[in-house]
1. Pairs to check: 102/305; 93/320; 21/213; 200/242; 266/379; 102/221. Give those whose C-alpha atoms are more than 21 Å from each other in this structure.
2. Using only the alpha-carbon atoms, what does region 125-225 span along each of its principal axes? Please give whole angstrom values in decreasing order.
3. What do you get for the angle between helix 148-158 and the principal long axis of the chain? Use alpha-carbon atoms, 0 to 90 degrees, nearest ten.
4. Hey, in the GNM for the chain with a 10 angstrom Cα cutoff, which one of 135, 354, 213 fluctuates hardest?
5. Which parts of region 131-175 would a label at residue 44 reach, counting a residue when its backbone N lies under 15 Å from a point 7 Å out along Cα-to-Cβ?
6. I need the fraction of alpha carbon pairs in region 96-168 separated by more than 20 Å, rounded to a whole percent.
7. Rounded, prolate or oblate for region 345-450? Axes are the square roots of the Cα gyration tensor eigenvalues, ordered a ≥ b ≥ c, and the cut-off for rounded is a/c under 1.5.
8. When only C-alpha pairs under 8 Å and at least 6 residues apart count, what is the relative contact order of the chain, in percent?
Amino acid sequence: MSDSAESTPSATFRTTDVIRKKRDGQELSRAEIAHLVDGYTRGEIPDYQISAWLMAAVVRGLTRTETAALTDAMLHSGQVLDLSEFAAPRVDKHSTGGVGDKTSLVLAPLAAAGGLVVPMISGRGLGHTGGTLDKLESIPGFRVDLSISRFREVLRECGCAMIGQTAEIAPADRKLYALRDVTGTVESPFLICASIMSKKLAEGIDALVLDVKTGSGAFMKTEQDAAFLAELMVETGERMGKKMVALITSMDEPLGHSVGNALEVKECIRILLGSGPADLRELCLELGAWMLHLGGRADTVAQGKQIAAKLIDSGQALEKFRRMVELQGGDPRAIDDPTRLPNSSYLLEVVSPKTGYVSAIQCEDVGTACAILGGGREKKEDSIDPAVGIVLHKRVGDRVAEGEPLCTLHYNSDARAAQAKQMLERSYEIAEASPPPVPLIRKIIPGGSV
Ligand code: URA
């Protein structure tokens, strides 16, 4: 490290000098990184300076020491929860973000039904990917901004609670995450690691299952980049004494059939009822199995998978979900009758231009099309339309006839629908032959203590 030894946390820095230093590819000291994070969290450093630094960090990269310093500064921007009052193991799962990636809504109640405590702190939609908080807020009345004391009460009552970063927990990430979303500074393994791990380490958990996405709809497009990020996060978690595992999973097409906030909640309810798309169920069972295994509720992952399937098929996981929704102010009737969730006013089909097989779907474009419809944000102040989105009828490997629907847009604005339709028409590739199948779970990276 170049100069961290000379720098002290009390030293004052000129923000422009710190930005220039990163721009020129030099390593920042722990104190310089703390200066940026603390100054931004307190509102003393403006968005434009942090945006410039973020871009320099994306382009130049961060060293392991800088990444650790950034994670620590973000973690200590708020409080670190002490959940030792709970006898049961505290376990969470986090995904690096994808399209149609909705497993958290199934896994928090599933793991709680399996006897774990799941204190889940999630994010909003980022770039082309959806966010758990935006999905949950499509349930009428559901509140993600609980105080820490209410968060504890919900955990005591039902074993799981799902909230966003509050002013108390990792507030630096809340601000940085929103800024990165609109400044093209999401795709950096170092920034993603610090963002995810600062939130997760603040939760007071014992173990963490990471779902690191790879493919055309993920921030990490190649398996190699995903493995790099996974190892970075596993290492960061282990350094803080947590049991860790990362699963590298495919995001070459949307997960499940639905993309869009309320549409995805509806799909999760189907999974919790024991139906729903096979890929989504499979991933929920696998991630749930790892949560149960790391939390000591299953001796092996295979046994964890059987337990997870039983928790869904017996209705116990759904019951937990209903209870959590109720405790967080949501209307539980929407769980029993999903037509009570927001519905768009109009539907529009996108049809296949020819007969053949779906050989690829540009997954990022599907996420962007959903954002164009109003399901995601362009600017951090933008509000979300919870009802809009896309339902895929054809997935990679499916046979399709000319004129047959590939997907349906759920929309509320003609202009937005026209733009999203064009994007979706381009995102589907139709070929004469079916492509070779790609496994959903590509690789598992367990921490040393697992
Ligand atoms: N999810 C997060 O919480 N942070 C990121 O930076 C990316 C995905």
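1. Values: 102/305 18 Å; 93/320 17 Å; 21/213 32 Å; 200/242 10 Å; 266/379 27 Å; 102/221 19 Å.
Listed pairs above 21 Å: 21/213; 266/379.
2. 41, 31, 23
3. Helix 148-158 and the main axis of the chain meet at about 40 degrees.
4. The residue that fluctuates most here is 354.
5. Inside the label zone: nothing.
6. Value for region 96-168: 29 percent of Cα pairs lie more than 20 Å apart.
7. Numbers: a/c = 2.72, a/b = 1.11, b/c = 2.46.
The shape class here is oblate.
8. So the answer I get is 18 percent.
A short reminder: the numbers here are calculations on the coordinates, not readings from a lab. Please read these numbers as outputs of a predicted model, since none were measured by experiment. Cβ sites come from the backbone with ideal geometry, for glycine too, and all protein chains shown count toward neighbours.
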